[in-house]
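The values are calculated or read from the model by the stated rules, or taken from the named source; none is laboratory data. Note that this is a predicted model, so its numbers are computed, not measured. Neighbour counts run over all protein chains shown; Cβ positions are idealised from the backbone, glycine included. These accessible areas exclude ligands, DNA and RNA; they are computed on the full protein's heavy atoms, side chains included. Shrake-Rupley method; radii C 1.70, N 1.55, O 1.52, S 1.80 Å.
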Amino acid sequence: MPHPLTELALTEVTRPAAEPGHGISADVCVVGAGIAGLSAAIESARLHRDVVLVDSLPLIGGQMVHSLIGLFCGVFGNGPGYAQLTHGIFDDIFRDLGRTGDLHFQRGHTMTVYYDEVALGRWLEQTIRSLGIKTILGTVLQQAKVKDRRIERIDLASRYGNVTVAAQGFVDASGDAALTWQAGLPCRVPERPIYGSQQVIVEHVDESHKPDPGEIDAMLAARGAEHGLLRRGGLAFFFPGRGTAVLNVTHIEAPLDPVKASQAQFDGRDQADRAIALLKAEFPKAFGEARVRAYGYPGRRQTRWIKGRHQLTVGEVRDGTRFHDSVARTAWPIELHDRSDGYVWEMFGPDHVHYVPLRAMTPPGADNLVAAGRCVDGDAAALSSVRVMGPCAAMGAAAAHALDLAASAGPGPGSVHHVDLGRLRQRLAANLAGE
């Protein structure tokens, strides 16, 4: 018998002339919910700090989940040892997603880790909820209030109303240095465009006939121009046993102009479609039945970053310079996508490791702000080797501990520029072992 409808009571609402905003206070406010921001938020919560995590997307995970990158890079050192260089959040991810078969470890010159982005996204959501981290998603950062070298609060706009977040400490994990920029602190932009990628997942592929990576790269190099592709090469990452592949076969511009950024998204999808058509024609046994399962959000590698107390240089990366304030490390190659048709790929030897200093994460004009992820300070080539997920997660953890030590220094507000580096290194020992 159908359930009888009951009449719903309706309330009439009217928007006031000056709609009141929402005010939230926290110990730590993290701007950006990608790998760096999530690492910072989770680590801060585990330090018993009250954390607010904000992002412009309506979902957490940033490019890691929503650009469909599909693999963790820079977590491990080079072969034959493949030492794990970043722990923390990755230990938890590897443990839990490994149990469910949602990871695949691929050994080559280094070790990368394929992951299922849906499973990872849910794991992240469940983890931050279990830690009591407040999230404010789908927001636009409008301004940052700075007084006496400290960010006091940030103002956000959302479709549900305006929000003000006041905090003792802030992490800029926005990718584009949005918080540092809005605070009026100096930032850097590249001298020439650095291209992003439009990732795409295709399904119904036959991995038993998958071409070697070099074959795909060579074919796109030879025939990409005639098919209107900017990038002359690319890669396909096949997740074993699932009949799917992540394609990284495009180059798209990554402008900071809002209109041009939107246009770049459409251009990227057009290029991805042309690349897929070419793969289907050239490798029919592997890609003949392939169809798009999902287009990722446009991937952005390097756009705008902070001017820190130290700029990491490509020479320091090549030399593996160890700093007195090192907080993160990786062995990932220099991977500079600074031309439309290709990129620099400079690999390192089996024992190579290079480092990120805290000074590259701290703008000199603010005492309670730490950057983490791809918007830390480095020259373009150096930044291209430390903007991948392994060191970005390590930087997020370091930001959490630097703010915690600064807040605990007392009496009065402490500064991230004067934290006890010995205690900081001790806390980050797992990510700096052997330093």
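Numbers for the structure displayed
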{"read-out": "Unmet criterion (only one of (1) modelled with pLDDT of 95 or more; (2) among the acidic types (Asp, Glu); (3) part of a loop (DSSP other than H, G, I, E, B)) for Glu191", "value": "(1)"}
{"read-out": "Members of segment 189-206 found to be open to solvent by less than 70 Å² (accessible area, probe 1.4 Å), of a type outside the set (Asp, Glu) and under 30 Å from Ala33 (Cβ atoms), listed by number", "value": "Pro190, Ile194, Tyr195, Gly196, Ser197, Gln198, Gln199, Val200, Ile201, Val202"}
{"read-out": "Qualifying residue in segment 179-188 (condition: touching a Pro at 6+ places or on another chain (Cβ under 6 Å), in a loop (DSSP other than H, G, I, E, B) and open to solvent by less than 30 Å² (accessible area, probe 1.4 Å))", "value": "yes"}
{"read-out": "Residue in segment 290-317 that is most open to solvent (accessible area, probe 1.4 Å), counting only those that are closer than 30 Å to Asp206 by Cβ and not in a strand (DSSP E or B)", "value": "Tyr297"}
{"read-out": "Near pairs, Cβ below 7 angstrom, 6+ apart or cross-chain, from segment 285-299 (closer than 17 Å to Arg242 by Cβ and among the aromatic types (Phe, Trp, Tyr)) to any residue that is open to solvent by 30 Å² or more (accessible area, probe 1.4 Å) and at pLDDT 95 or above", "value": "Phe287/Lys280"}
{"read-out": "Scope segment 207-228; condition open to solvent by 80 Å² or more (accessible area, probe 1.4 Å), in a helix (DSSP H, G or I) and touching a strand residue (DSSP E or B) at 6+ places or on another chain (Cβ under 9 Å); matching residues", "value": "Pro213"}
{"read-out": "Qualifying residue in segment 370-383 (condition: out of contact with any strand residue (DSSP E or B) (no Cβ under 9 Å at 6 or more places or on another chain) and at pLDDT 95 or above)", "value": "no"}
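Table: residues versus (1) in contact with a Gly (Cβ under 9 Å, 6 or more places away or on another chain); (2) under 18 Å from Ala166 (Cα atoms); (3) modelled with pLDDT of 80 or more; (4) hydrophobic (A, V, I, L, M, F, W, C).
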| residue | (1), (2), (3), (4) |
| --- | --- |
| Leu10 | no, no, no, yes |
| Thr14 | no, no, no, no |
| Ala17 | no, no, no, yes |
| Ser25 | no, yes, yes, no |
| Val30 | yes, yes, yes, yes |
| Ala40 | yes, yes, yes, yes |
| Arg46 | no, no, yes, no |
| His66 | yes, no, yes, no |
